[in-house]
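Take a look at the structure set out below.
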Amino acid sequence: MDNHLDHMPVLSRGRHRNPKRGACFMELASYLAGERWSDHPACTHPLLAALARLVNDNTGDESRAELVGLVPSIIGLAGDDLRVDVHIALRCATTALPVAAAERQLALAVSVLAAEEMLARLDGAPSGRMSEMSRRAMEQVPHAAEQARRFSRAAKITEKGFRRYAAPNAVQLAVVGIVQACVKDPDKLLRGLLEDVIADCDALIRGPRSAEPAPVTPTPASPARA
(Lines give C-alpha, C1' and ligand atoms only; values in the text may rest on other atoms or scores of the structure.)
Protein backbone atom coordinates (compact mmCIF):
# COMPACT_ATOMS: atom_id res chain seq x y z
CA MET A 1 0.00 0.00 0.00
CA ASP A 2 1.22 3.52 -0.81
CA ASN A 3 2.65 5.42 2.14
CA HIS A 4 0.41 8.44 1.53
CA LEU A 5 -2.62 6.31 2.37
CA ASP A 6 -1.38 6.21 5.96
CA HIS A 7 -2.25 9.90 6.16
CA MET A 8 -5.79 9.61 4.82
CA PRO A 9 -8.42 11.44 6.90
CA VAL A 10 -10.61 9.25 9.10
CA LEU A 11 -14.36 9.34 8.44
CA SER A 12 -16.39 10.92 11.24
CA ARG A 13 -19.59 12.90 11.70
CA GLY A 14 -20.04 16.52 10.70
CA ARG A 15 -17.82 19.06 8.99
CA HIS A 16 -14.08 19.37 9.58
CA ARG A 17 -11.76 22.33 9.08
CA ASN A 18 -8.98 20.25 7.57
CA PRO A 19 -7.98 16.61 6.99
CA LYS A 20 -6.04 16.43 10.26
CA ARG A 21 -9.34 16.78 12.14
CA GLY A 22 -11.00 13.98 10.19
CA ALA A 23 -13.41 14.00 7.25
CA CYS A 24 -17.00 13.34 6.34
CA PHE A 25 -17.78 11.25 3.27
CA MET A 26 -17.90 14.24 0.92
CA GLU A 27 -14.86 15.97 2.40
CA LEU A 28 -12.89 12.82 1.69
CA ALA A 29 -14.27 12.87 -1.86
CA SER A 30 -13.02 16.44 -2.32
CA TYR A 31 -9.63 15.36 -0.98
CA LEU A 32 -9.36 12.40 -3.37
CA ALA A 33 -10.62 14.47 -6.31
CA GLY A 34 -7.91 17.08 -5.74
CA GLU A 35 -10.45 19.82 -5.07
CA ARG A 36 -10.45 22.47 -2.39
CA TRP A 37 -11.37 20.90 0.97
CA SER A 38 -15.18 20.99 1.17
CA ASP A 39 -18.22 18.87 1.98
CA HIS A 40 -19.88 20.32 -1.14
CA PRO A 41 -17.32 19.49 -3.87
CA ALA A 42 -18.04 20.08 -7.55
CA CYS A 43 -17.12 16.49 -8.43
CA THR A 44 -20.46 15.08 -7.24
CA HIS A 45 -24.13 15.81 -7.98
CA PRO A 46 -25.48 18.00 -5.12
CA LEU A 47 -28.34 15.66 -4.18
CA LEU A 48 -26.13 12.58 -4.24
CA ALA A 49 -23.67 14.49 -2.04
CA ALA A 50 -26.49 15.40 0.34
CA LEU A 51 -27.44 11.73 0.67
CA ALA A 52 -23.80 10.76 1.27
CA ARG A 53 -23.49 13.35 4.05
CA LEU A 54 -26.69 12.13 5.69
CA VAL A 55 -25.63 8.50 5.52
CA ASN A 56 -22.21 9.43 6.91
CA ASP A 57 -23.69 11.35 9.85
CA ASN A 58 -26.37 8.77 10.70
CA THR A 59 -24.21 5.66 10.55
CA GLY A 60 -22.42 4.18 13.56
CA ASP A 61 -18.66 4.61 13.87
CA GLU A 62 -17.80 1.02 13.01
CA SER A 63 -20.10 0.91 9.99
CA ARG A 64 -18.98 4.35 8.83
CA ALA A 65 -15.42 3.13 8.42
CA GLU A 66 -16.76 0.63 5.88
CA LEU A 67 -18.10 3.47 3.72
CA VAL A 68 -14.61 4.56 2.69
CA GLY A 69 -14.54 2.14 -0.22
CA LEU A 70 -17.56 3.88 -1.79
CA VAL A 71 -15.99 7.34 -1.85
CA PRO A 72 -14.08 7.01 -5.16
CA SER A 73 -17.22 5.81 -6.94
CA ILE A 74 -19.03 9.14 -6.50
CA ILE A 75 -16.21 11.26 -7.92
CA GLY A 76 -17.23 12.48 -11.37
CA LEU A 77 -20.95 11.79 -10.89
CA ALA A 78 -22.05 15.36 -11.59
CA GLY A 79 -24.49 17.06 -13.96
CA ASP A 80 -27.65 19.14 -14.10
CA ASP A 81 -30.13 16.66 -15.62
CA LEU A 82 -33.26 16.79 -13.45
CA ARG A 83 -33.77 13.07 -14.06
CA VAL A 84 -30.85 12.44 -11.73
CA ASP A 85 -32.62 14.29 -8.90
CA VAL A 86 -35.82 12.41 -9.65
CA HIS A 87 -34.19 8.98 -9.57
CA ILE A 88 -32.32 9.77 -6.35
CA ALA A 89 -35.53 10.93 -4.66
CA LEU A 90 -37.44 7.92 -5.98
CA ARG A 91 -34.86 5.39 -4.85
CA CYS A 92 -34.67 6.96 -1.38
CA ALA A 93 -38.44 7.18 -0.89
CA THR A 94 -39.20 3.67 -2.13
CA THR A 95 -36.44 2.18 0.03
CA ALA A 96 -37.61 3.87 3.23
CA LEU A 97 -41.38 3.67 2.71
CA PRO A 98 -41.90 -0.03 3.61
CA VAL A 99 -39.83 0.18 6.82
CA ALA A 100 -40.60 3.69 8.09
CA ALA A 101 -42.88 4.32 11.06
CA ALA A 102 -46.55 4.90 10.24
CA GLU A 103 -46.36 8.65 10.92
CA ARG A 104 -43.70 9.06 8.20
CA GLN A 105 -45.29 6.88 5.55
CA LEU A 106 -47.68 9.48 4.15
CA ALA A 107 -44.89 11.99 3.43
CA LEU A 108 -42.76 9.27 1.85
CA ALA A 109 -45.66 8.01 -0.27
CA VAL A 110 -46.30 11.57 -1.46
CA SER A 111 -42.61 11.79 -2.34
CA VAL A 112 -42.90 8.62 -4.43
CA LEU A 113 -45.90 9.97 -6.35
CA ALA A 114 -44.24 13.37 -6.89
CA ALA A 115 -41.10 11.74 -8.28
CA GLU A 116 -43.07 9.44 -10.57
CA GLU A 117 -45.16 12.38 -11.82
CA MET A 118 -42.05 14.45 -12.50
CA LEU A 119 -40.33 11.59 -14.30
CA ALA A 120 -43.40 11.02 -16.48
CA ARG A 121 -43.46 14.72 -17.32
CA LEU A 122 -39.76 14.71 -18.28
CA ASP A 123 -40.22 11.58 -20.40
CA GLY A 124 -43.39 12.88 -22.07
CA ALA A 125 -45.29 9.88 -20.67
CA PRO A 126 -48.91 9.83 -19.44
CA SER A 127 -49.56 11.12 -15.93
CA GLY A 128 -50.05 8.36 -13.37
CA ARG A 129 -47.39 6.06 -14.73
CA MET A 130 -45.82 3.96 -11.98
CA SER A 131 -42.57 2.00 -12.02
CA GLU A 132 -42.46 -1.52 -10.63
CA MET A 133 -40.17 -0.35 -7.83
CA SER A 134 -42.71 2.26 -6.73
CA ARG A 135 -45.67 -0.07 -7.14
CA ARG A 136 -44.09 -2.66 -4.83
CA ALA A 137 -43.28 -0.06 -2.18
CA MET A 138 -46.77 1.48 -2.25
CA GLU A 139 -48.47 -1.93 -2.06
CA GLN A 140 -46.78 -2.54 1.30
CA VAL A 141 -48.42 0.55 2.84
CA PRO A 142 -51.92 0.62 1.31
CA HIS A 143 -53.43 3.11 3.79
CA ALA A 144 -50.64 5.67 3.33
CA ALA A 145 -50.68 5.07 -0.42
CA GLU A 146 -54.40 5.85 -0.67
CA GLN A 147 -54.02 9.00 1.44
CA ALA A 148 -51.08 10.10 -0.70
CA ARG A 149 -53.06 9.63 -3.93
CA ARG A 150 -55.89 11.83 -2.61
CA PHE A 151 -53.42 14.49 -1.51
CA SER A 152 -51.39 14.40 -4.72
CA ARG A 153 -54.40 14.97 -6.99
CA ALA A 154 -54.51 18.55 -5.73
CA ALA A 155 -50.74 19.08 -5.61
CA LYS A 156 -48.76 20.44 -8.56
CA ILE A 157 -45.05 21.03 -8.45
CA THR A 158 -42.72 22.82 -10.85
CA GLU A 159 -39.40 21.42 -11.99
CA LYS A 160 -37.63 24.13 -10.01
CA GLY A 161 -39.69 23.35 -6.93
CA PHE A 162 -38.97 19.65 -7.25
CA ARG A 163 -35.22 20.19 -7.41
CA ARG A 164 -35.08 22.75 -4.61
CA TYR A 165 -37.62 21.31 -2.18
CA ALA A 166 -39.32 18.01 -3.02
CA ALA A 167 -36.22 15.98 -3.90
CA PRO A 168 -34.08 17.09 -0.92
CA ASN A 169 -37.04 16.54 1.40
CA ALA A 170 -37.49 13.00 0.06
CA VAL A 171 -33.83 12.22 0.75
CA GLN A 172 -33.99 13.69 4.26
CA LEU A 173 -37.24 11.89 5.09
CA ALA A 174 -35.89 8.60 3.81
CA VAL A 175 -32.71 8.67 5.88
CA VAL A 176 -34.53 9.71 9.05
CA GLY A 177 -37.20 7.09 8.38
CA ILE A 178 -34.59 4.34 8.06
CA VAL A 179 -32.62 5.47 11.12
CA GLN A 180 -35.74 5.46 13.29
CA ALA A 181 -37.28 2.31 11.79
CA CYS A 182 -37.62 -0.91 13.75
CA VAL A 183 -35.14 -2.82 11.61
CA LYS A 184 -32.30 -5.06 12.70
CA ASP A 185 -29.47 -3.20 10.98
CA PRO A 186 -30.27 0.36 9.84
CA ASP A 187 -26.60 0.99 9.02
CA LYS A 188 -26.69 -1.84 6.48
CA LEU A 189 -29.87 -0.46 4.94
CA LEU A 190 -28.36 3.03 4.71
CA ARG A 191 -25.24 1.69 3.05
CA GLY A 192 -27.33 -0.35 0.61
CA LEU A 193 -29.37 2.74 -0.23
CA LEU A 194 -26.22 4.76 -0.94
CA GLU A 195 -24.81 1.96 -3.10
CA ASP A 196 -28.06 1.74 -5.09
CA VAL A 197 -28.22 5.50 -5.61
CA ILE A 198 -24.59 5.60 -6.74
CA ALA A 199 -25.34 2.83 -9.25
CA ASP A 200 -28.43 4.72 -10.50
CA CYS A 201 -26.45 7.93 -10.92
CA ASP A 202 -23.60 6.14 -12.66
CA ALA A 203 -26.02 4.66 -15.21
CA LEU A 204 -27.75 8.00 -15.78
CA ILE A 205 -24.66 10.18 -15.96
CA ARG A 206 -22.06 7.90 -17.50
CA GLY A 207 -24.44 5.64 -19.37
CA PRO A 208 -24.64 1.84 -19.39
CA ARG A 209 -21.27 0.21 -19.61
CA SER A 210 -20.64 -2.39 -22.25
CA ALA A 211 -20.42 -5.87 -20.83
CA GLU A 212 -16.93 -7.30 -20.67
CA PRO A 213 -16.40 -10.35 -22.89
CA ALA A 214 -16.61 -13.62 -21.05
CA PRO A 215 -13.20 -15.21 -20.45
CA VAL A 216 -12.30 -17.89 -22.94
CA THR A 217 -11.96 -21.29 -21.33
CA PRO A 218 -9.02 -23.17 -22.84
CA THR A 219 -9.96 -26.40 -24.58
CA PRO A 220 -8.01 -29.34 -23.17
CA ALA A 221 -5.53 -30.67 -25.66
CA SER A 222 -6.32 -34.06 -27.15
CA PRO A 223 -3.96 -36.79 -25.99
CA ALA A 224 -1.25 -37.54 -28.49
CA ARG A 225 -1.71 -40.72 -30.47
CA ALA A 226 0.96 -43.31 -30.55
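The values are calculated or read from the model by the stated rules, or taken from the named source; none is laboratory data. On a predicted model such as this, the values are computed, not experimentally measured, just so you know. Cβ sites come from the backbone with ideal geometry, for glycine too, and all protein chains shown count toward neighbours. We work out accessible area using only protein heavy atoms, side chains counted, and drop any ligands, DNA or RNA first. Shrake-Rupley method; radii C 1.70, N 1.55, O 1.52, S 1.80 Å.
Toward the positive end of the charge dipole of segment 46-140, with +1 on the Cβ of Lys and Arg and -1 on the Cβ of Asp and Glu, the farthest Cα among 95, 118, 47 is that of 118. For segment 39-150, the fraction of 1.4 Å probe accessible surface lying on carbon and sulfur atoms is 52 percent. Straight Cα distances below 13 angstrom link residue 156 to the aspartates and glutamates 116, 117, with same-chain residues fewer than 8 positions distant left out.
Cross-link partners for residue 188 among the aspartates and glutamates, with Cα-Cα distance under 15 Å and sequence neighbours closer than 8 places in the same chain left out: 57, 61, 62, 66, 196. Between residue 150 and residue 80, the FRET efficiency from the beta-carbon distance, with R0 = 30 Å, is close to 0.35.
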